[in-house]
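So the structure is just underneath, and the comments pick up after that.
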Amino acid sequence: MTAVSASADVREAGGAPSGSGQASPGGASPTPTRGERGAGRIAELDGLRGMAILLVILGHYVGNAQHAPLGRVPHRLLQLFQVGWTGVDLFFVLSGFLIGGILLDAREAPHYFRAFYMRRVFRILPVYYAWTLVYGALVGGAVLFFPGRFGVGAADLVRVPVQLLFLQNFAIEMRPFAWMWFVVTWSLAVEEQFYLLAPPLIRFLSKRRLAIILGATIVVAPLLRWGFFCYWAPGSQAAAYLMPCRADSLAWGVLLALGWRNKAFLEYLEEHRTMVQRILIALALVFGGMLWWFLRPINLVSVTIGYTVLGMFYSCLVVVVLSQKEGWLAGVMRWKWLGALGTISYCVYVIHLAINLLAHQVVFQGGPRIYNLEGVAVTLGALGLSLGVASLSWKYFEKPLVRRGHGYSYDEG
(Lines give C-alpha, C1' and ligand atoms only; values in the text may rest on other atoms or scores of the structure.)
Protein backbone atom coordinates (compact mmCIF):
# COMPACT_ATOMS: atom_id res chain seq x y z
CA MET A 1 0.00 0.00 0.00
CA THR A 2 1.55 3.19 -0.84
CA ALA A 3 1.84 6.72 -0.98
CA VAL A 4 1.36 7.86 -4.51
CA SER A 5 1.05 11.54 -4.09
CA ALA A 6 4.24 11.83 -6.09
CA SER A 7 2.21 10.83 -9.13
CA ALA A 8 2.08 14.40 -10.38
CA ASP A 9 5.34 15.68 -8.95
CA VAL A 10 7.12 15.28 -12.25
CA ARG A 11 4.52 17.54 -13.76
CA GLU A 12 5.93 20.56 -11.99
CA ALA A 13 5.67 23.09 -14.83
CA GLY A 14 5.66 20.55 -17.59
CA GLY A 15 6.14 17.13 -16.20
CA ALA A 16 9.84 16.43 -15.58
CA PRO A 17 11.78 16.83 -12.37
CA SER A 18 14.59 19.25 -12.78
CA GLY A 19 17.82 17.39 -13.25
CA SER A 20 16.25 13.98 -13.54
CA GLY A 21 17.52 13.40 -17.04
CA GLN A 22 20.11 10.89 -18.12
CA ALA A 23 23.79 11.52 -17.62
CA SER A 24 25.35 12.25 -20.97
CA PRO A 25 28.27 10.11 -22.22
CA GLY A 26 30.54 13.04 -21.58
CA GLY A 27 29.44 13.25 -17.97
CA ALA A 28 27.78 16.66 -18.22
CA SER A 29 25.25 17.38 -15.53
CA PRO A 30 21.65 17.17 -16.83
CA THR A 31 20.42 19.56 -14.17
CA PRO A 32 18.68 22.52 -15.83
CA THR A 33 18.46 25.96 -14.35
CA ARG A 34 15.20 27.16 -12.80
CA GLY A 35 14.40 28.89 -16.06
CA GLU A 36 14.61 25.54 -17.84
CA ARG A 37 12.46 23.72 -15.31
CA GLY A 38 9.94 21.42 -16.95
CA ALA A 39 11.70 21.39 -20.33
CA GLY A 40 10.97 17.72 -20.89
CA ARG A 41 9.07 14.73 -19.61
CA ILE A 42 10.74 11.66 -18.21
CA ALA A 43 8.61 8.78 -19.49
CA GLU A 44 10.52 6.27 -17.37
CA LEU A 45 9.28 7.95 -14.18
CA ASP A 46 5.66 7.51 -15.24
CA GLY A 47 6.49 3.87 -15.90
CA LEU A 48 8.08 3.45 -12.48
CA ARG A 49 4.97 4.85 -10.83
CA GLY A 50 2.88 2.56 -13.01
CA MET A 51 4.98 -0.39 -11.85
CA ALA A 52 4.50 0.66 -8.22
CA ILE A 53 0.71 0.87 -8.44
CA LEU A 54 0.60 -2.37 -10.47
CA LEU A 55 2.43 -4.14 -7.66
CA VAL A 56 -0.04 -2.78 -5.10
CA ILE A 57 -3.06 -3.78 -7.20
CA LEU A 58 -1.74 -7.30 -7.75
CA GLY A 59 -1.09 -7.61 -4.04
CA HIS A 60 -4.63 -6.61 -3.10
CA TYR A 61 -6.59 -8.10 -5.98
CA VAL A 62 -4.67 -11.36 -6.45
CA GLY A 63 -2.32 -12.07 -3.57
CA ASN A 64 -4.80 -11.29 -0.79
CA ALA A 65 -7.83 -12.87 -2.49
CA GLN A 66 -9.20 -16.32 -1.70
CA HIS A 67 -7.73 -18.91 -4.07
CA ALA A 68 -7.10 -21.98 -1.90
CA PRO A 69 -9.81 -24.04 -3.72
CA LEU A 70 -7.63 -23.97 -6.85
CA GLY A 71 -5.24 -26.42 -5.23
CA ARG A 72 -1.99 -26.21 -3.32
CA VAL A 73 0.37 -25.29 -6.17
CA PRO A 74 -1.79 -22.56 -7.79
CA HIS A 75 -2.62 -21.24 -4.33
CA ARG A 76 1.05 -20.94 -3.38
CA LEU A 77 1.94 -19.30 -6.68
CA LEU A 78 -0.85 -16.74 -6.38
CA GLN A 79 0.17 -16.04 -2.81
CA LEU A 80 3.46 -14.70 -4.16
CA PHE A 81 1.58 -11.66 -5.42
CA GLN A 82 1.16 -10.61 -1.79
CA VAL A 83 4.65 -9.15 -2.09
CA GLY A 84 2.99 -6.38 -4.11
CA TRP A 85 2.76 -4.35 -0.89
CA THR A 86 6.41 -3.48 -1.46
CA GLY A 87 5.25 -1.14 -4.21
CA VAL A 88 4.70 1.32 -1.36
CA ASP A 89 8.46 1.51 -0.86
CA LEU A 90 8.99 2.23 -4.55
CA PHE A 91 6.49 5.08 -4.21
CA PHE A 92 8.40 6.39 -1.18
CA VAL A 93 11.72 6.34 -3.04
CA LEU A 94 10.15 8.08 -6.03
CA SER A 95 8.53 10.67 -3.79
CA GLY A 96 11.82 11.44 -2.08
CA PHE A 97 13.58 11.69 -5.43
CA LEU A 98 10.96 13.88 -7.11
CA ILE A 99 10.05 16.13 -4.18
CA GLY A 100 13.67 16.36 -3.13
CA GLY A 101 14.66 17.34 -6.65
CA ILE A 102 11.96 20.00 -6.92
CA LEU A 103 12.99 21.52 -3.59
CA LEU A 104 16.70 21.36 -4.31
CA ASP A 105 16.24 23.20 -7.59
CA ALA A 106 14.07 25.86 -5.94
CA ARG A 107 15.90 26.17 -2.61
CA GLU A 108 16.99 29.78 -3.32
CA ALA A 109 13.66 30.84 -4.83
CA PRO A 110 11.86 33.75 -3.12
CA HIS A 111 8.51 31.95 -2.93
CA TYR A 112 9.90 28.55 -2.01
CA PHE A 113 7.45 27.58 0.76
CA ARG A 114 4.33 29.17 -0.67
CA ALA A 115 4.74 27.63 -4.13
CA PHE A 116 5.59 24.19 -2.79
CA TYR A 117 2.73 23.92 -0.32
CA MET A 118 0.10 25.43 -2.60
CA ARG A 119 1.04 23.03 -5.37
CA ARG A 120 0.78 20.14 -2.92
CA VAL A 121 -2.62 21.38 -1.75
CA PHE A 122 -4.00 21.40 -5.28
CA ARG A 123 -2.46 18.01 -6.05
CA ILE A 124 -3.14 16.00 -2.91
CA LEU A 125 -6.17 17.31 -1.09
CA PRO A 126 -9.00 17.36 -3.68
CA VAL A 127 -9.13 13.62 -4.41
CA TYR A 128 -8.34 12.65 -0.84
CA TYR A 129 -10.89 14.99 0.71
CA ALA A 130 -13.51 14.01 -1.87
CA TRP A 131 -12.99 10.35 -0.95
CA THR A 132 -13.31 11.24 2.75
CA LEU A 133 -16.47 13.26 2.02
CA VAL A 134 -18.04 10.29 0.23
CA TYR A 135 -17.25 8.14 3.26
CA GLY A 136 -18.85 10.66 5.60
CA ALA A 137 -21.95 10.90 3.39
CA LEU A 138 -22.36 7.12 3.21
CA VAL A 139 -21.93 6.61 6.93
CA GLY A 140 -24.07 9.61 7.81
CA GLY A 141 -26.82 8.45 5.47
CA ALA A 142 -26.74 4.92 6.90
CA VAL A 143 -26.90 6.20 10.47
CA LEU A 144 -29.69 8.65 9.71
CA PHE A 145 -31.92 6.60 7.41
CA PHE A 146 -30.97 2.95 8.07
CA PRO A 147 -29.83 2.76 11.69
CA GLY A 148 -28.30 -0.58 12.59
CA ARG A 149 -28.68 -2.10 9.12
CA PHE A 150 -25.25 -1.86 7.52
CA GLY A 151 -22.92 -2.43 10.43
CA VAL A 152 -21.94 1.23 10.77
CA GLY A 153 -22.79 3.74 13.45
CA ALA A 154 -22.07 7.24 14.66
CA ALA A 155 -18.71 6.01 15.97
CA ASP A 156 -17.58 5.53 12.36
CA LEU A 157 -17.85 9.29 11.83
CA VAL A 158 -15.10 9.84 14.40
CA ARG A 159 -12.72 8.65 11.72
CA VAL A 160 -13.38 11.69 9.51
CA PRO A 161 -11.34 14.29 11.45
CA VAL A 162 -8.51 11.78 11.85
CA GLN A 163 -8.37 11.37 8.08
CA LEU A 164 -8.72 15.07 7.35
CA LEU A 165 -5.70 15.82 9.56
CA PHE A 166 -3.62 12.97 8.10
CA LEU A 167 -3.22 11.28 11.47
CA GLN A 168 -4.29 7.82 10.34
CA ASN A 169 -0.82 6.33 10.69
CA PHE A 170 -1.01 7.20 14.41
CA ALA A 171 -4.64 6.16 14.92
CA ILE A 172 -4.16 2.79 13.27
CA GLU A 173 -7.07 0.88 14.80
CA MET A 174 -10.27 1.29 12.77
CA ARG A 175 -13.80 -0.06 12.65
CA PRO A 176 -14.44 -2.49 9.75
CA PHE A 177 -16.00 -0.08 7.23
CA ALA A 178 -13.44 2.62 7.97
CA TRP A 179 -10.65 0.07 7.58
CA MET A 180 -11.95 -0.98 4.18
CA TRP A 181 -12.27 2.64 3.05
CA PHE A 182 -9.11 4.16 4.48
CA VAL A 183 -6.52 1.52 5.34
CA VAL A 184 -4.34 2.25 2.31
CA THR A 185 -4.14 5.94 3.18
CA TRP A 186 -1.62 5.42 6.00
CA SER A 187 1.11 5.99 3.41
CA LEU A 188 -0.44 9.31 2.40
CA ALA A 189 -0.11 10.40 6.03
CA VAL A 190 3.57 9.42 5.94
CA GLU A 191 4.02 11.52 2.79
CA GLU A 192 2.23 14.56 4.24
CA GLN A 193 4.42 14.42 7.33
CA PHE A 194 7.45 14.16 5.04
CA TYR A 195 6.23 17.32 3.28
CA LEU A 196 6.33 19.17 6.59
CA LEU A 197 9.93 18.18 7.32
CA ALA A 198 11.67 18.13 3.95
CA PRO A 199 11.20 21.75 2.78
CA PRO A 200 12.85 23.49 5.77
CA LEU A 201 15.69 20.95 5.85
CA ILE A 202 16.45 21.39 2.16
CA ARG A 203 16.02 25.16 2.35
CA PHE A 204 18.24 25.89 5.33
CA LEU A 205 20.85 23.11 5.47
CA SER A 206 23.91 23.01 3.29
CA LYS A 207 23.96 20.09 0.86
CA ARG A 208 26.72 18.45 2.90
CA ARG A 209 24.74 18.66 6.14
CA LEU A 210 21.60 17.54 4.35
CA ALA A 211 23.45 14.46 3.09
CA ILE A 212 24.60 13.71 6.64
CA ILE A 213 21.04 14.00 7.97
CA LEU A 214 19.76 11.72 5.21
CA GLY A 215 22.46 9.15 5.91
CA ALA A 216 21.66 9.24 9.62
CA THR A 217 17.96 8.74 8.83
CA ILE A 218 18.76 5.65 6.78
CA VAL A 219 20.72 4.22 9.73
CA VAL A 220 18.31 5.21 12.50
CA ALA A 221 15.00 4.19 10.85
CA PRO A 222 15.53 0.40 11.17
CA LEU A 223 16.59 0.90 14.78
CA LEU A 224 13.34 2.78 15.44
CA ARG A 225 11.38 -0.03 13.80
CA TRP A 226 13.14 -2.54 16.01
CA GLY A 227 12.33 -0.47 19.09
CA PHE A 228 8.66 -0.06 18.24
CA PHE A 229 8.25 -3.70 17.25
CA CYS A 230 9.99 -5.16 20.31
CA TYR A 231 9.48 -2.63 23.12
CA TRP A 232 7.46 0.54 22.56
CA ALA A 233 4.43 -0.80 20.68
CA PRO A 234 4.68 -4.59 20.38
CA GLY A 235 1.78 -6.28 18.65
CA SER A 236 0.86 -3.13 16.73
CA GLN A 237 1.55 -1.83 13.22
CA ALA A 238 3.47 1.18 14.50
CA ALA A 239 6.82 -0.05 13.21
CA ALA A 240 5.37 -0.23 9.70
CA TYR A 241 3.13 2.86 9.65
CA LEU A 242 4.83 5.68 11.57
CA MET A 243 6.67 8.21 9.44
CA PRO A 244 10.03 8.10 11.28
CA CYS A 245 10.00 4.32 10.88
CA ARG A 246 9.51 4.55 7.11
CA ALA A 247 11.67 7.62 6.57
CA ASP A 248 14.63 5.68 5.20
CA SER A 249 13.02 4.97 1.81
CA LEU A 250 12.12 8.65 1.51
CA ALA A 251 15.67 9.58 2.56
CA TRP A 252 17.12 7.27 -0.10
CA GLY A 253 15.10 9.17 -2.69
CA VAL A 254 16.23 12.61 -1.51
CA LEU A 255 19.83 11.40 -1.33
CA LEU A 256 19.50 10.15 -4.90
CA ALA A 257 18.14 13.56 -5.93
CA LEU A 258 21.21 15.17 -4.37
CA GLY A 259 23.49 12.83 -6.27
CA TRP A 260 21.63 13.45 -9.49
CA ARG A 261 22.67 17.08 -9.26
CA ASN A 262 26.33 16.22 -8.78
CA LYS A 263 28.50 15.93 -11.89
CA ALA A 264 30.93 13.50 -10.26
CA PHE A 265 28.10 11.13 -9.29
CA LEU A 266 26.72 11.11 -12.82
CA GLU A 267 30.17 10.48 -14.28
CA TYR A 268 30.65 7.62 -11.82
CA LEU A 269 27.37 6.02 -12.93
CA GLU A 270 28.40 6.34 -16.56
CA GLU A 271 31.83 4.81 -15.96
CA HIS A 272 30.58 1.94 -13.77
CA ARG A 273 27.44 0.87 -15.57
CA THR A 274 28.12 -2.86 -15.24
CA MET A 275 28.85 -2.56 -11.53
CA VAL A 276 25.56 -0.74 -10.92
CA GLN A 277 23.72 -3.48 -12.82
CA ARG A 278 25.40 -6.13 -10.69
CA ILE A 279 24.43 -4.31 -7.50
CA LEU A 280 20.80 -4.28 -8.67
CA ILE A 281 20.95 -8.02 -9.41
CA ALA A 282 22.49 -8.70 -6.00
CA LEU A 283 19.78 -6.67 -4.26
CA ALA A 284 17.12 -8.49 -6.29
CA LEU A 285 18.54 -11.80 -5.08
CA VAL A 286 18.48 -10.57 -1.47
CA PHE A 287 14.88 -9.42 -2.05
CA GLY A 288 13.99 -12.89 -3.33
CA GLY A 289 15.74 -14.51 -0.41
CA MET A 290 13.56 -12.54 2.00
CA LEU A 291 10.24 -13.51 0.39
CA TRP A 292 9.52 -15.95 3.22
CA TRP A 293 9.32 -12.98 5.63
CA PHE A 294 7.78 -10.50 3.18
CA LEU A 295 4.83 -12.86 2.58
CA ARG A 296 4.00 -13.17 6.26
CA PRO A 297 2.34 -10.81 8.73
CA ILE A 298 4.48 -8.05 10.17
CA ASN A 299 7.58 -9.59 11.71
CA LEU A 300 10.93 -8.47 13.11
CA VAL A 301 12.96 -9.41 10.02
CA SER A 302 10.74 -7.62 7.50
CA VAL A 303 10.35 -4.41 9.53
CA THR A 304 14.06 -4.08 10.22
CA ILE A 305 16.34 -5.58 7.58
CA GLY A 306 13.51 -6.09 5.11
CA TYR A 307 12.41 -2.47 4.74
CA THR A 308 16.06 -1.44 4.50
CA VAL A 309 16.61 -3.87 1.63
CA LEU A 310 13.51 -2.56 -0.13
CA GLY A 311 14.70 1.04 0.07
CA MET A 312 18.09 0.06 -1.35
CA PHE A 313 16.66 -2.17 -4.08
CA TYR A 314 14.12 0.33 -5.36
CA SER A 315 16.65 3.18 -5.20
CA CYS A 316 19.07 1.14 -7.30
CA LEU A 317 16.24 0.32 -9.71
CA VAL A 318 15.54 4.03 -10.18
CA VAL A 319 19.25 4.67 -10.78
CA VAL A 320 19.53 1.96 -13.42
CA VAL A 321 16.33 2.98 -15.20
CA LEU A 322 17.24 6.67 -15.37
CA SER A 323 20.97 6.37 -16.03
CA GLN A 324 20.86 3.54 -18.58
CA LYS A 325 18.02 4.53 -20.84
CA GLU A 326 19.09 2.21 -23.64
CA GLY A 327 18.68 -0.80 -21.32
CA TRP A 328 15.73 -3.17 -21.28
CA LEU A 329 14.54 -2.01 -17.86
CA ALA A 330 14.20 1.57 -19.08
CA GLY A 331 12.50 0.23 -22.19
CA VAL A 332 9.89 -1.55 -20.06
CA MET A 333 9.27 1.63 -18.09
CA ARG A 334 8.54 3.44 -21.35
CA TRP A 335 5.65 1.13 -22.22
CA LYS A 336 2.71 3.42 -22.89
CA TRP A 337 0.17 1.46 -20.88
CA LEU A 338 2.47 1.43 -17.86
CA GLY A 339 3.04 5.18 -18.14
CA ALA A 340 -0.71 5.75 -18.47
CA LEU A 341 -1.25 3.72 -15.31
CA GLY A 342 1.38 5.81 -13.55
CA THR A 343 -0.39 8.99 -14.60
CA ILE A 344 -3.61 8.01 -12.79
CA SER A 345 -1.90 6.10 -9.98
CA TYR A 346 -2.82 8.51 -7.18
CA CYS A 347 -6.58 8.15 -7.50
CA VAL A 348 -6.26 4.43 -8.28
CA TYR A 349 -4.33 3.94 -5.08
CA VAL A 350 -6.87 5.78 -2.94
CA ILE A 351 -9.97 3.99 -4.27
CA HIS A 352 -8.97 0.58 -5.62
CA LEU A 353 -9.08 -1.53 -2.45
CA ALA A 354 -12.44 -0.27 -1.19
CA ILE A 355 -14.04 -0.76 -4.62
CA ASN A 356 -12.83 -4.37 -4.80
CA LEU A 357 -13.90 -5.21 -1.24
CA LEU A 358 -17.31 -3.58 -1.72
CA ALA A 359 -17.88 -5.35 -5.03
CA HIS A 360 -17.23 -8.78 -3.56
CA GLN A 361 -19.25 -7.98 -0.46
CA VAL A 362 -22.26 -6.96 -2.53
CA VAL A 363 -22.09 -9.95 -4.89
CA PHE A 364 -20.87 -12.73 -2.59
CA GLN A 365 -21.37 -11.29 0.91
CA GLY A 366 -17.76 -12.17 1.55
CA GLY A 367 -14.16 -11.33 0.84
CA PRO A 368 -12.49 -11.19 -2.58
CA ARG A 369 -12.19 -14.52 -4.38
CA ILE A 370 -10.59 -15.54 -7.67
CA TYR A 371 -11.01 -19.30 -7.56
CA ASN A 372 -14.00 -19.33 -9.94
CA LEU A 373 -15.16 -17.42 -13.00
CA GLU A 374 -17.66 -15.37 -11.01
CA GLY A 375 -15.00 -14.18 -8.60
CA VAL A 376 -12.59 -13.35 -11.41
CA ALA A 377 -15.35 -11.42 -13.18
CA VAL A 378 -16.14 -9.34 -10.10
CA THR A 379 -12.43 -8.67 -9.54
CA LEU A 380 -11.96 -7.55 -13.14
CA GLY A 381 -15.07 -5.41 -12.88
CA ALA A 382 -13.72 -3.74 -9.75
CA LEU A 383 -10.41 -3.13 -11.50
CA GLY A 384 -12.14 -1.66 -14.54
CA LEU A 385 -14.26 0.59 -12.35
CA SER A 386 -11.21 1.78 -10.39
CA LEU A 387 -9.27 2.57 -13.56
CA GLY A 388 -12.28 4.23 -15.16
CA VAL A 389 -13.03 6.46 -12.19
CA ALA A 390 -9.34 7.37 -11.86
CA SER A 391 -9.07 8.21 -15.56
CA LEU A 392 -12.10 10.49 -15.43
CA SER A 393 -10.84 12.02 -12.20
CA TRP A 394 -7.49 12.82 -13.77
CA LYS A 395 -8.94 14.30 -16.95
CA TYR A 396 -11.75 16.39 -15.50
CA PHE A 397 -10.84 16.96 -11.86
CA GLU A 398 -7.18 16.48 -10.95
CA LYS A 399 -5.41 17.76 -14.06
CA PRO A 400 -7.20 21.15 -14.11
CA LEU A 401 -6.46 21.58 -10.40
CA VAL A 402 -2.80 20.68 -10.89
CA ARG A 403 -2.59 23.35 -13.57
CA ARG A 404 -4.15 25.84 -11.21
CA GLY A 405 -1.63 24.90 -8.55
CA HIS A 406 1.17 25.58 -11.01
CA GLY A 407 -0.01 29.17 -11.07
CA TYR A 408 1.95 29.53 -7.83
CA SER A 409 5.48 30.20 -9.03
CA TYR A 410 8.67 29.63 -7.06
CA ASP A 411 10.30 32.65 -8.64
CA GLU A 412 7.52 35.15 -9.33
CA GLY A 413 5.04 36.72 -6.94
Hey, among the residues in the range 59-78 that are in a loop (DSSP other than H, G, I, E, B) and not aliphatic (A, V, I, L, M), which one's nearest to residue 291 (Cα to Cα)? 64
Residues that are modelled with pLDDT of 95 or more, under 22 Å from the mean Cα position of the chain (by Cα) and over 30 Å from residue 275 (Cα atoms): which helices (runs of 4 or more DSSP H) entirely in the range 297-413 hold 3 or more of them? 336-343, 345-364, 373-393, 399-405
Quick check: anything in the range 222-244 small (Gly, Ala, Ser), without any contact (Cβ under 8 Å) to a residue 60 or more places away in the chain and closer than 30 Å to residue 135 by Cα? yes
Whether any residue in the range 115-123 is small (Gly, Ala, Ser), closer than 30 Å to residue 412 by Cβ and within 18 Å of the chain's Cα centre (by Cα) is what I want to check. no
Residues 152, 127, 139, 134: which one is farther than 29 Å from residue 245 by Cβ and either among the acidic types (Asp, Glu) or touching an Asp or Glu at 6+ places or on another chain (Cβ under 8 Å) (or both)? 139
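Listed here are the residues, each with its yes/no results for (1) among the basic types (Lys, Arg); (2) surrounded by fewer than 15 Cβ atoms within 10 Å (Cβ to Cβ); (3) closer than 21 Å to residue 259 by Cβ.
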| residue | (1), (2), (3) |
| --- | --- |
| 186 | no, no, no |
| 193 | no, no, no |
| 198 | no, no, yes |
| 201 | no, no, yes |
| 204 | no, yes, yes |
| 208 | yes, yes, yes |
| 221 | no, no, yes |
| 228 | no, no, no |
| 245 | no, no, no |
Pick from 113, 122: which is more than 23 Å from residue 163 (Cα to Cα) and part of a helix (DSSP H, G or I)? 113
Checking residue 287 against (1) within 18 Å of residue 93 (Cβ to Cβ); (2) in a loop (DSSP other than H, G, I, E, B): exactly one of these is not met. Which one? (2)
Yes or no: the range 56-73 includes at least one residue that is in contact with a helix residue (DSSP H, G or I) (Cβ under 7 Å, 6 or more places away or on another chain) and either at pLDDT below 95 or within 30 Å of residue 412 (Cα to Cα) (or both). no
Quick one: is residue 103 in contact with a Phe, Trp or Tyr (Cβ under 7 Å, 6 or more places away or on another chain), closer than 27 Å to residue 44 by Cβ and part of a helix (DSSP H, G or I)? yes
When the residues of the range 66-94 are filtered to those that are buried (at least 20 other Cβ atoms within 10 Å of the Cβ) and among the small types (Gly, Ala, Ser), which remaining residue is nearest to residue 334 (Cα to Cα)? 87
Qualifying positions in the range 141-178 - in contact with a helix residue (DSSP H, G or I) (Cβ under 7 Å, 6 or more places away or on another chain), modelled with pLDDT of 95 or more and part of a helix (DSSP H, G or I): 156, 157, 159, 160, 163, 164, 177, 178
What about residue 130, is it modelled with pLDDT of 95 or more, hydrophobic (A, V, I, L, M, F, W, C) and loosely packed, with under 13 Cβ neighbours inside 10 Å? no
Please tell me if residue 399 is within 18 Å of residue 43 (Cβ to Cβ), without any contact (Cβ under 8 Å) to a residue 12 or more places away in the chain and surrounded by fewer than 17 Cβ atoms within 10 Å (Cβ to Cβ). yes
Is it true that some residue in the range 263-278 is polar (S, T, N, Q) and buried (at least 18 other Cβ atoms within 10 Å of the Cβ)? no
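The values are calculated or read from the model by the stated rules, or taken from the named source; none is laboratory data. Remember, it's a predicted structure, so these values are computed and weren't measured experimentally. Every residue, glycine among them, receives a Cβ derived from its backbone with ideal geometry; neighbour counts consider all protein chains shown.
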